[in-house]
Amino acid sequence: MKPMFALTVLLPSLAWAAPSDLLPVKQLGMELARDIASKSIEACRKDGYNVSAVVLDRSGTLQAALRDGLAARYTLEIAERKAGMAIMSGSDTGSFREARGDIRPELNHIQGLIVMDGGLPIRSAGSLVGAVGVSGAPGGEKDAVCAAAALKALEDRLEGF
């Protein structure tokens, strides 16, 4: 009898937990990721900078990577690591760098992360759906401006989720 009682007590609690087993997730589509990367590069071109732009999804997986023809090959890796930092911190990497200088050296040694200006989170209706990283302009603050311009240009598509 005791085993039956235990099973009866567990079943209602399992049924109660079931709704949270599946979570609705907003996912960045390939076309939007590509367009964010492209618009970032276009924004930097207007100022005469050759950059790379990388977009990661919410889990840090590569969605899009573009390198302008004259951008150094290393800018792709740096842009991806900046985007990774924006995913990890949930904030723009410049603000994070300023606020957390105490852990910057340690974070720079973690694969996929770098604490430099130029990475911005991508949000839709308050949810983190990805990040964009830009690298190659003379200074990370200029990279961040290009990324911000791309997100601003595509904000109507981001809010469409």
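The values are calculated or read from the model by the stated rules, or taken from the named source; none is laboratory data. All of these numbers come straight from a predicted model, not from anything done at the bench. Cβ: placed from backbone, ideal geometry, glycine included. Neighbour counts: every protein chain shown.
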Close pairs (9 angstrom Cβ cut-off, 6 or more residues apart or separate chains): at pLDDT below 95 in the stretch 11-39, β-branched (Val, Ile, Thr) and surrounded by 10 or more Cβ atoms within 10 Å (Cβ to Cβ) anywhere: VAL25/VAL129; LYS26/VAL129; GLN27/VAL129; LEU28/ILE36; LEU28/VAL55; LEU28/ILE122; LEU28/VAL129
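Hand me the list of helices (runs of 4 or more DSSP H) wholly inside the stretch 65-115 holding 1 or more residues that are among the small types (Gly, Ala, Ser) and under 19 Å from VAL145 (Cα atoms). Write out each step before concluding.
Details: elements: 74-89, 93-99, 104-107.
Where helices (runs of 4 or more DSSP H) fall fully within the stretch 65-115 and carry at least 1 residues being among the small types (Gly, Ala, Ser) and under 19 Å from VAL145 (Cα atoms), they are 74-89, 93-99.
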Selection from the stretch 77-110 of residues within 22 Å of LEU128 (Cα to Cα) and among the aliphatic types (A, V, I, L, M) yields ILE78, ALA79, ALA83, MET85, ALA86, ILE87, MET88, ALA99, LEU107, ILE110
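Is it true that ALA147 is among the small types (Gly, Ala, Ser), buried (at least 24 other Cβ atoms within 10 Å of the Cβ) and closer than 15 Å to ALA37 by Cα? Show your work before the answer.
Numbers: among the small types (Gly, Ala, Ser): yes; buried (at least 24 other Cβ atoms within 10 Å of the Cβ): yes; closer than 15 Å to ALA37 by Cα: yes.
In short, yes.
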Failed item in (1) assigned to a helix (DSSP H, G or I); (2) in contact with a Gly (Cβ under 7 Å, 6 or more places away or on another chain); (3) closer than 19 Å to GLN27 by Cα, with LEU151 passing the rest: (2)
Residue list for the stretch 71-86, restricted to those being under 11 Å from VAL54 (Cβ atoms) and either aliphatic (A, V, I, L, M) or in contact with a Pro (Cβ under 8 Å, 6 or more places away or on another chain) (or both): LEU76, ILE78, ALA79, ALA83, ALA86
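Name the single residue that is farthest from GLY60 (Cα to Cα) among those in the stretch 127-146 being in a loop (DSSP other than H, G, I, E, B) and out of contact with any strand residue (DSSP E or B) (no Cβ under 9 Å at 6 or more places or on another chain). Lay out the reasoning, then the answer.
If we filter the stretch 127-146 for residues that are in a loop (DSSP other than H, G, I, E, B), which is where we start, we get 136-139.
Okay, now just the ones that are also out of contact with any strand residue (DSSP E or B) (no Cβ under 9 Å at 6 or more places or on another chain), so 137-139.
Details: ALA137: 23, PRO138: 26, GLY139: 24 Å.
Filtering the stretch 127-146 for residues that are in a loop (DSSP other than H, G, I, E, B) and out of contact with any strand residue (DSSP E or B) (no Cβ under 9 Å at 6 or more places or on another chain), the one farthest from GLY60 (Cα to Cα) comes out as PRO138.
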Could you count how many residues in the stretch 116-126 are closer than 16 Å to LEU154 by Cα and assigned to a loop (DSSP other than H, G, I, E, B)? 2
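So which residues in the stretch 120-134 are free of Cβ contacts under 8 Å to residues at least 40 places away in the same chain and touching a Lys or Arg at 6+ places or on another chain (Cβ under 9 Å)? Steps first, answer last, please.
Going through the stretch 120-134, the residues free of Cβ contacts under 8 Å to residues at least 40 places away in the same chain turn out to be 120-121, 123, 126.
Across the stretch 120-134, the qualifying residue is only LEU120.
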With the structure loaded, tell me whether VAL55 is over 17 Å from the mean Cα position of the chain (by Cα), under 18 Å from GLY140 (Cβ atoms) and of a type in the set (Val, Ile, Thr) or whether it fails that test. no
